[in-house]
Every structure is written in structure tokens, then in C-alpha cells.
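S.K.: Dropping the structure in here first, questions after.
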Amino acid sequence: MKRFNFIYLLLAFVGVLTLTSCEHKYADYTPGAQDKNMGAYLLSTADFEVTAESKSVAVVVGRMNTAVAANVTVRAEYVPASTDDTAADLFTFPRNVSFAADEAEANFTIQFDGSKLEIGRKYAIRVQVDQAEASSYAASEYIYSIMIPEPWNSMGQGIYFDDLLWTLLEGGEAYQGVGAYVEFQQHALETNRIRAVNVYAPETIGAMWGGVPQFFTFTAGDADTYVEFDITDPNNVKFGEVYTDSEGGNAQVVFLNCKVVGDQQGNLYDLACLVWESAGPVVLKDGIISFPTQGVELAAFRDGGYAGYFGKGNTAGYLQYYLPGTEFVNYDMAVTYDGMYVSADGATARAIFNFAFGADVDTYKFAFVPGDITADPAEAIEAIVAGSSDLKIYEGDAETKRWEVELSKGVYTLVAVPYSAEGEAKADNALVYNFYFNGSGDMPEVELNVEVNTPAYFAEEDKKAEVEAESPACFNVACKVAADASQLKAVKFWYGNAQALVSQNIDDDTLFANYAGDASGIIEKIAENGAALMTFNVTAETPNFVVKLRFETIYGTNVDKTIEYELPKYDGTFPVGSYKFTEGDYEEVFTIVPAKSYTTFFWTNTSFDGSSWYCDFDSETSILTMDGTLFNYEDEGCQFGKLYGYYNQEKTLVYSYQSSENADFNGMAPLQLFVADDAMALKTYYGAAIFDYTGETPAFTGNFHFRFTPEATIVPYVEEEAPETSAKVLSVAADKVEYAGAADKSEFVVKATPIYAFDFAMATLK
């Protein structure tokens, strides 16, 4: 049942400013040197809203030194939004501003014809005071926007019901379905465009939750934020830009104008609502904008790329926008199967059900249909509404919540239809619930046979060699499942380092709820062949390797299987292991382990940031080559020469991996390493260069975290104590901007070091 709740705050978000008086003495304070020039600066950096009748805007320029009259050169230019943007011709700029003696402010007037500007479009104008006359202590350059605001009219107050943000919270189910009032607006000219105001703003979240968690950061400041809908087609409402994942799936994505703390380093992640097309459309019906159940994610984005999700949203279908004037009604139903009553003589058994109802359910009807029809209950719903004699239909009112129904042993689907006080059937709110009734007998046993081995082990004799060549035993694991498919509803799986689960105290219920994959597709294969084979690609030499499976049965039970498996050792010729690189004051440890084949390896920066890079070994030339492809960022291409991550906690420094054929790192090239027996030698130059990130353009500091040449000493290295690994480590999206040739810092994106699960009361990024 929907828990639509309103939390009213009489006093919310009241900030108290306390002023105290004290005497500050700075014995060692030395003021900065005064500007020797005009000390000119931009007095305001506010953007301009104009009308179609506007002919100009004035940028106010100030100056520190006012003794004499002066002309100060000011440069201005239109900043095109794209290569085919021709709007520069709309604007005229003066070349300077004139100050009279003792005058501290003057106007730099930008001229244009407002009637030629597009409504709602922001025109960017860069204004820069001549640096020869600019102040050292105030802004002398800014990109202003000039815009005719779109005409929006208020529609009044509507309601936002949340089935999204609550997934951020540990134990957030208590807030699932809560609502808050929000304003709606309609475009004055394009009436099919409507928008909700400040849905994901502190005042709205605070109204729903009674406060705002500390891990929230709101990006809009005091400005209003909007969620806009295009309702041209009510059966397919559009509300965001199209996002396409790596597998070609499309979704609508709208950013929520807020960030949350995402890892142990304090990195922030942009929150977004992601609605997958495959789950169904967003629809407008009876004044309510509804989202597809189970088809929404509270997504995390960082550096412009998808970084995972915090939780599946709209799991109960509560994510809705009620437009102003829409009657708020709730015809939802819920039911629990609470066991059975068995007569004293054991002759009869009755199933016990308890219903719950939304506030507007007056009466209801329900029936039991043999089998599982949850995938398509339409026929049963129609039969109940029509009063078909083919079904035994039970009737009750909202006060009648408990039922004891005599049933025979078997699988059933309970289908219930709510009715309004006027007797109108609300078929869209029908309840469908699948269960197994065991009667007075014992619960049926589910027989499962699970076997784990190499893929070649399960192959036919004449194909074993071929399978082994394609799926080497030390990189691939196969799992054979034999069962009665008719007893299974779903299959979940997880594989990896069992010790990591123990060290992080992750039990099976948590594991399967938050980290497991879905393998339910094998049920159909089992039904066809009696058994199905699953294969996993693994990194070689994974310690304490284990496969975990959870089978959800039609009887409402779970059958868990845990199979420990010892991966065969890598038997190739490459000398895998850890190696210490030393040259001058630089010392670094890198680990090279097999990846997915006998020639593909992972090069991991063990002692720095833990990043893993693909490399390939040519046994004929004895050369190991790393082309700059980063693990988990395979689609991003070479990462050499790109900014990689923050170098300090203050985030004023960043670093970049560099590989070049020359000592000056002039031009990037694949890293190459010559391997002979247990000896190794660099053939190229390899370093992690440090850049200053405080200016408009990252500037090389002249320093490296490490810098190695072909003269570097490389020796095997044995860790004294292997560090614990985390089963929760994820990676975020790589930047897509090359370092060379970028215009300013805004074009750069910095990757984070690995993301760990949150260690506070917040859901886990998946």
C-alpha cells in the first residue's frame, strides 16, 4: 500500500547569524602592494535578463585609482555555442570605458536588437579588462549571459511523491512514498511544456524528510531549479535528455541539481533520475505523471560519465507528480500471506491473508487463479470486474482485512480489484500476488545440483581442446546447474574473493540484495535441457575463490549454494608478480598479473593509486606493451596525457600518466618493457606528472610523483603483507578530453581514485 505522507514543518531552514565583537591584532601582517595602474575591475558578475524591446546592457567597470580622467581598454567577444553559431553579428561592443576625474565607476555598454534574440537562449559574452590596467585584487574577466527569459505562468501547487531519493538512505524504506507540495508552471507559448519548481531543493527534501542529510550538496545555490515535462504525447511524456549506455540501451536522464558525498576521499557525485525505455514510458493520466515501476534508477554521475547507481527507484510505483487541481486519491492495495490454519483433525487447511488499503478504497473483490499469472493478469482482472462465474469471487469492504480461505495444495495467484465509494472498479490499481499453498503437508523439497569446474570440463570430449583454447582454465570458470525449472522463480549469482566478504562483514542476504547479478535467464534453458551452463571470466590467481547462487522458488523459499573453487595456476611463460622500479629519488611498485588470456595482463600501480592498465606480451620479441587502456574504461581509449585524478586533499593539484619515446614527454606513445627471464628493462619513458589545478588552465608544476627512464632499475618485489581487497571497489567514468589543446580548465575532467561503499548511513553506490 502506498504510504503517502505529508510532513509539515512550521519552521524550516532558519539560519542564525551571530555577530561578536573582538579586537584582531596581526603583528606580522603586511598588506599587499597597491595597484600602480588604474586598478580596473568588473564591478558585477550578474547575468542579464532582457526583453525583445531591449537595445543594450551595461557592464559596470570600477577602478581603484580615481585621481585622473582615463580611458581603460575593455575587450569583449561573443562566445559561440557551436561551430555553426553565427549570433556574433547580433552584438556590438565599444573598445573602452571612459572615467572622469574622481569617477570610480563607468558603463561598458553592449548593444543589440532584442527583437532578434531567441527567447530562452543564453548568449555568452566574454568581457575582459586590459591586463595592463586591471586590478590584481578583483575580477577582470567574466563570461556574461544575455537572455530573454521564457514566459512561464504559475499553475499553482501540485504534489511530488518520492520513490527515488529514499534509496540514498540506509533504512530509507520509511520514507518511500512520502510527498511534498511543489509549484508547477506552464509555458505561456508552448502549452505542452510544464515544469515543477524546486522538486529536488533543500526546502522540498526537508519537508519530506524533516531535514536534509549532511552528505547533500545543492548546486544551484539560491536559484530555482526545474524538472520540465513535454506532455505533447500523454502516453509517452518526455522529461530529460537521452542517455545511451555502453550496451546501447536508452534512457531519459534528468539531473537533480544536487550532489552527495561518494567515497572516503570526500568526492561528490551528481544525482540523476534515469528512466530506461525498456521499462516503459512516463505517462500522464488523470492529472498524474507516473513513472514505470522498477524502471528507474537514482543514478550517480561524475566527470560527465555514469558512475553507477545508489538504488533502483520506483520499486513500488510511488514516483508521481500530481498536477495542480488533481484530486489526490489512493486506490492501492497490499496483501500478505500469513501462513495457514489447520483443523485439529488435520482434514482441512485454510490460507490466511491480511489486506491493507489506500484511503479511497471502499470495497474490493478478489479471486484465486491456479498457477502463476503475474506476467499477464489482464484476463483475470476483467473476469473479476465482469463477475464471471468461472471464478469464485470473494467480496469485502475496507474494514474487512483478514481472510481465511480453504484451498487445496498448489501454486496460486491472488488477483484483487479495488472499488470506489461510487462502486467504480479501479482496474489500474489491481493487486496481483503469487504464492504457494502447502496445505497440511510438508513443504516440497527443491533438488538442485550445482557443479563448478573449467569450461573444458563440461565440453564434449572432441571439443575440450577447442574450448580450453578459447576459454583458458585459469581465466574462466563454468557453473552447471541442474534442477526442476518449474520450481524456480529467479536465480541470482555472485563470484569472487570469499575473504573480502568476511573482512567486510557482508552476509548472504546483503550480498544478494545489493551486489549479485541476475541469472534468471537460465531457468528457460534448464526447462529445455534439464540443465544450464553459466561461465564467468575471472582474473587469474583470485584467492579464496567462491561462487554463490541464490535460487528463489515458487514456494516462497530461497535455496542458497556456495561452491568453493581453486582456480588453476597461470602456466604461461611471462614472469608474473610485483616489481620495484627505482631511479634516483623515485621508487614505485607495479604488479603484473594475467588478465583474460595468456598474452593479456593487468599492470597495476600497487603503491600509488591502485589503477590497473591493460598490457600485451609478445613472446617472440619479449616485449610487454601498454597502450594506455585503463581497466573499466576500455571505451575511452588511451589515457596517457589525460588528467587522471586529484593529487592532494585540497584538490589544487592533479596528476597525469605520461608515456613517451623521449625524456621530455613530448608526445604520448605506448609504454614498452623488455622482458628476459626474470629481468626487465624499460624501453620508453614513464611518469606521473603533477599539474597545478587552481588556474583556468592546468599548468605543469615541473614535478613528478614518479619518473622512470630506460636507466631505471627493476627488480622483483615481495610484499611483506598483502593489503586487504574490497569487494565494494568500483570505478568512475573516465574523462573524454585530451590534455593538449584544451582552451581552459572547464574542459578538463578529473577522475577519482576508486570509489568505496559509504561508511555512514547512506545506501551503497552500485
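S.K.: Return the only residue of Gly120, Gly156 being within 20 Å of Thr51 (Cα to Cα) and of a type outside the set (Ser, Thr, Tyr).
M.R.: On the way: Gly156 fails: within 20 Å of Thr51 (Cα to Cα).
Answer to the check: Gly120.
S.K.: Out of curiosity, is Glu77 closer than 17 Å to Val59 by Cα, outside the structural domain of Glu190 (by TED's automatic domain parsing) and part of a loop (DSSP other than H, G, I, E, B)?
M.R.: Numbers: closer than 17 Å to Val59 by Cα: yes; outside the structural domain of Glu190 (by TED's automatic domain parsing): yes; part of a loop (DSSP other than H, G, I, E, B): no.
When the stated conditions are applied, Glu77 does not pass them.
S.K.: Restricting to region 490-512, count the residues that are more than 23 Å from the chain's Cα centre (by Cα), modelled with pLDDT under 90 and of a type in the set (Val, Ile, Thr).
M.R.: 1
S.K.: Could you check region 405-430 and list, in sequence order, the residues that are within 21 Å of Val361 (Cα to Cα), surrounded by fewer than 16 Cβ atoms within 10 Å (Cβ to Cβ) and of a type outside the set (A, V, I, L, M, F, W, C)?
M.R.: Matches in region 405-430: Ser420, Glu422, Gly423, Glu424, Asp428.
S.K.: So, one more: Name the residue that is farthest from Asp372 (Cα to Cα), counting only residues in region 554-578 that are β-branched (Val, Ile, Thr) and modelled with pLDDT of 90 or more. Lay out the reasoning, then the answer.
M.R.: In the first step, residues of region 554-578 are kept if they are β-branched (Val, Ile, Thr); the result is 554, 557, 559, 562-563, 573, 576.
Cutting the leftovers down to modelled with pLDDT of 90 or more gives us 559, 562-563.
Working: Val559: 20, Thr562: 29, Ile563: 31 Å.
Ranking the candidates gives Ile563 first.
S.K.: Okay, moving on. Would you mind stating whether Glu190 is among the charged types (D, E, K, R) and assigned to a helix (DSSP H, G or I)?
M.R.: Details: among the charged types (D, E, K, R): yes; assigned to a helix (DSSP H, G or I): no.
So Glu190 does not fit the description; no.
S.K.: Now for a separate question. Among the strands (runs of 3 or more DSSP E) lying completely within region 86-152, list those that include at least 1 residues that are among the acidic types (Asp, Glu).
M.R.: Working: elements: 96-99, 105-112, 123-129, 141-147.
Answer list for region 86-152: 105-112, 141-147.
S.K.: Can you spot a residue in region 376-399 that is farther than 18 Å from Asp428 by Cβ, surrounded by fewer than 12 Cβ atoms within 10 Å (Cβ to Cβ) and hydrophobic (A, V, I, L, M, F, W, C)?
M.R.: No, region 376-399 contains no residue that is farther than 18 Å from Asp428 by Cβ, surrounded by fewer than 12 Cβ atoms within 10 Å (Cβ to Cβ) and hydrophobic (A, V, I, L, M, F, W, C).
S.K.: Any residue that is in contact with a Ser or Thr (Cβ under 7 Å, 6 or more places away or on another chain) and at positive phi - is there at least one of those in region 63-71? I'd like the intermediate steps shown before the answer.
M.R.: Kept after step one, since they are in contact with a Ser or Thr (Cβ under 7 Å, 6 or more places away or on another chain), are these residues of region 63-71: 64, 71.
Restricting the remaining residues to those that are at positive phi gives none.
No, every residue in region 63-71 fails to be in contact with a Ser or Thr (Cβ under 7 Å, 6 or more places away or on another chain) and at positive phi.
S.K.: So for region 431-439 (the condition being surrounded by fewer than 14 Cβ atoms within 10 Å (Cβ to Cβ) and not assigned by TED's automatic domain parsing to the domain that holds Ser290), does at least one residue qualify?
M.R.: Taking region 431-439 first, the residues surrounded by fewer than 14 Cβ atoms within 10 Å (Cβ to Cβ) are none.
Within region 431-439 (the criterion being surrounded by fewer than 14 Cβ atoms within 10 Å (Cβ to Cβ) and not assigned by TED's automatic domain parsing to the domain that holds Ser290), the answer is no, since none of the residues qualifies.
S.K.: Would you be able to say whether some residue in region 250-262 is surrounded by fewer than 18 Cβ atoms within 10 Å (Cβ to Cβ) and in contact (Cβ under 8 Å) with a residue 60 or more places away in the chain?
M.R.: no
S.K.: Continuing with the same structure: Any residue that is at pLDDT 85 or above, within 34 Å of the chain's Cα centre (by Cα), hydroxyl-bearing (Ser, Thr, Tyr) and in a loop (DSSP other than H, G, I, E, B) - is there at least one of those in region 529-551?
M.R.: Step one: list which residues in region 529-551 are at pLDDT 85 or above, which gives 529-535, 545-551.
Still in the running and within 34 Å of the chain's Cα centre (by Cα): 532-535, 545-551.
Narrowing further to those that are hydroxyl-bearing (Ser, Thr, Tyr): 535.
After this cut, where a residue has to be in a loop (DSSP other than H, G, I, E, B) as well, the list is none.
So far as region 529-551 goes, no, none of its residues is at pLDDT 85 or above, within 34 Å of the chain's Cα centre (by Cα), hydroxyl-bearing (Ser, Thr, Tyr) and in a loop (DSSP other than H, G, I, E, B).
S.K.: Evaluate the following for Gly325: is it at pLDDT 85 or above, touching an Asp or Glu at 6+ places or on another chain (Cβ under 9 Å) and in a loop (DSSP other than H, G, I, E, B)?
M.R.: Numbers: at pLDDT 85 or above: yes; touching an Asp or Glu at 6+ places or on another chain (Cβ under 9 Å): no; in a loop (DSSP other than H, G, I, E, B): yes.
The answer is no for Gly325.
S.K.: Also, I was wondering about something else. Looking at Glu173, is it surrounded by fewer than 16 Cβ atoms within 10 Å (Cβ to Cβ), touching a residue at least 24 places away in the same chain (Cβ under 8 Å) and not in a strand (DSSP E or B)?
M.R.: Working: surrounded by fewer than 16 Cβ atoms within 10 Å (Cβ to Cβ): yes; touching a residue at least 24 places away in the same chain (Cβ under 8 Å): no; not in a strand (DSSP E or B): yes.
Spelling it out, it is not the case that Glu173 is surrounded by fewer than 16 Cβ atoms within 10 Å (Cβ to Cβ), touching a residue at least 24 places away in the same chain (Cβ under 8 Å) and not in a strand (DSSP E or B).
S.K.: Moving on. Just one of the numbered conditions (1) of a type in the set (Gly, Ala, Ser); (2) closer than 27 Å to Asn476 by Cα; (3) modelled with pLDDT of 85 or more is not true of Ser660; which one?
M.R.: The one condition Ser660 does not meet is (2).
S.K.: (1) of a type in the set (Asp, Glu); (2) more than 20 Å from the chain's Cα centre (by Cα); (3) modelled with pLDDT under 95: which one isn't true of Glu183, the others all being true?
M.R.: Condition not satisfied by Glu183: (3).
S.K.: Continuing with the same structure: Can we say Val242 is under 22 Å from the mean Cα position of the chain (by Cα) and part of a loop (DSSP other than H, G, I, E, B)? Steps first, answer last, please.
M.R.: Working: under 22 Å from the mean Cα position of the chain (by Cα): yes; part of a loop (DSSP other than H, G, I, E, B): no.
When the stated conditions are applied, Val242 does not pass them.
S.K.: Every residue in region 642-668 that is surrounded by fewer than 20 Cβ atoms within 10 Å (Cβ to Cβ), part of a loop (DSSP other than H, G, I, E, B) and touching a residue at least 24 places away in the same chain (Cβ under 8 Å), please.
M.R.: Gln649, Lys651, Thr652, Glu661, Ala663
S.K.: Also: With (1) part of a strand (DSSP E or B); (2) free of Cβ contacts under 8 Å to residues at least 60 places away in the same chain as the list, and Tyr457 as the residue in question, which single condition is left unmet?
M.R.: Here Tyr457 meets the rest and fails (1).
S.K.: Consider region 609-623. How many of its residues are touching a residue at least 40 places away in the same chain (Cβ under 8 Å) and touching a Gly at 6+ places or on another chain (Cβ under 8 Å)?
M.R.: Number of matching residues: 1.
S.K.: Here are some residues: Ala351, Ala334, Ala359. Which one is of a type in the set (A, V, I, L, M), in contact (Cβ under 8 Å) with a residue 24 or more places away in the chain and out of contact with any strand residue (DSSP E or B) (no Cβ under 7 Å at 6 or more places or on another chain)? Spell out the reasoning first.
M.R.: Values: Ala351 fails: out of contact with any strand residue (DSSP E or B) (no Cβ under 7 Å at 6 or more places or on another chain); Ala334 fails: out of contact with any strand residue (DSSP E or B) (no Cβ under 7 Å at 6 or more places or on another chain).
From the options Ala351, Ala334, Ala359, the qualifying one is Ala359.
S.K.: Given the conditions (1) outside any loop (DSSP other than H, G, I, E, B); (2) surrounded by fewer than 16 Cβ atoms within 10 Å (Cβ to Cβ); (3) among the small types (Gly, Ala, Ser), report the number of the one that Ala207 does not fulfil.
M.R.: It is condition (2) that Ala207 fails.
S.K.: Okay, next question. Identify, by number, the condition in (1) in contact with a strand residue (DSSP E or B) (Cβ under 7 Å, 6 or more places away or on another chain); (2) modelled with pLDDT of 95 or more that Lys122 doesn't meet.
M.R.: Among (1) in contact with a strand residue (DSSP E or B) (Cβ under 7 Å, 6 or more places away or on another chain); (2) modelled with pLDDT of 95 or more, the lone unmet condition for Lys122 is (2).
S.K.: Additional query: Name the residues in region 312-352 that are closer than 30 Å to Glu404 by Cβ, surrounded by 21 or more Cβ atoms within 10 Å (Cβ to Cβ) and hydrophobic (A, V, I, L, M, F, W, C), would you?
M.R.: Selection gives Met333, Ala351.
S.K.: Another question about this same structure. Within the bounds of region 367-384, is there any residue that is out of contact with any Leu (no Cβ under 9 Å at 6 or more places or on another chain), touching a residue at least 12 places away in the same chain (Cβ under 8 Å), within 30 Å of Gln487 (Cβ to Cβ) and of a type in the set (Gly, Ala, Ser)?
M.R.: Yes, region 367-384 contains at least one residue that is out of contact with any Leu (no Cβ under 9 Å at 6 or more places or on another chain), touching a residue at least 12 places away in the same chain (Cβ under 8 Å), within 30 Å of Gln487 (Cβ to Cβ) and of a type in the set (Gly, Ala, Ser).
S.K.: Shifting gears a bit: Give me a count of the residues in region 281-331 that are free of Cβ contacts under 8 Å to residues at least 24 places away in the same chain and within 30 Å of Ala421 (Cβ to Cβ). If you could, list the steps in order and put the result at the bottom.
M.R.: In the first step, residues of region 281-331 are kept if they are free of Cβ contacts under 8 Å to residues at least 24 places away in the same chain; the result is 292, 294-295.
From what's left, within 30 Å of Ala421 (Cβ to Cβ): 292.
Residues in region 281-331 being free of Cβ contacts under 8 Å to residues at least 24 places away in the same chain and within 30 Å of Ala421 (Cβ to Cβ): 1 in total.
S.K.: Might you check whether a residue that is of a type in the set (Lys, Arg) and part of a helix (DSSP H, G or I) occurs anywhere in region 490-501?
M.R.: So in region 490-501, the residues of a type in the set (Lys, Arg) come out as 492.
Keeping just the survivors that are part of a helix (DSSP H, G or I) gives none.
Looking for residues that are of a type in the set (Lys, Arg) and part of a helix (DSSP H, G or I), one finds none in region 490-501, hence no.
S.K.: In addition: Quick test of your reading of the structure: Thr591 fulfils all but one of (1) closer than 18 Å to Thr542 by Cα; (2) within 28 Å of the chain's Cα centre (by Cα); (3) among the polar types (S, T, N, Q). Name the failing condition by number.
M.R.: Looking at each condition in turn, Thr591 falls short on (2).
The values are calculated or read from the model by the stated rules, or taken from the named source; none is laboratory data. All figures in this text were calculated on a predicted structure; none of them were measured in a lab. Cβ coordinates were reconstructed from backbone atoms using ideal geometry, including for glycine residues, and neighbour counts include every protein chain displayed.
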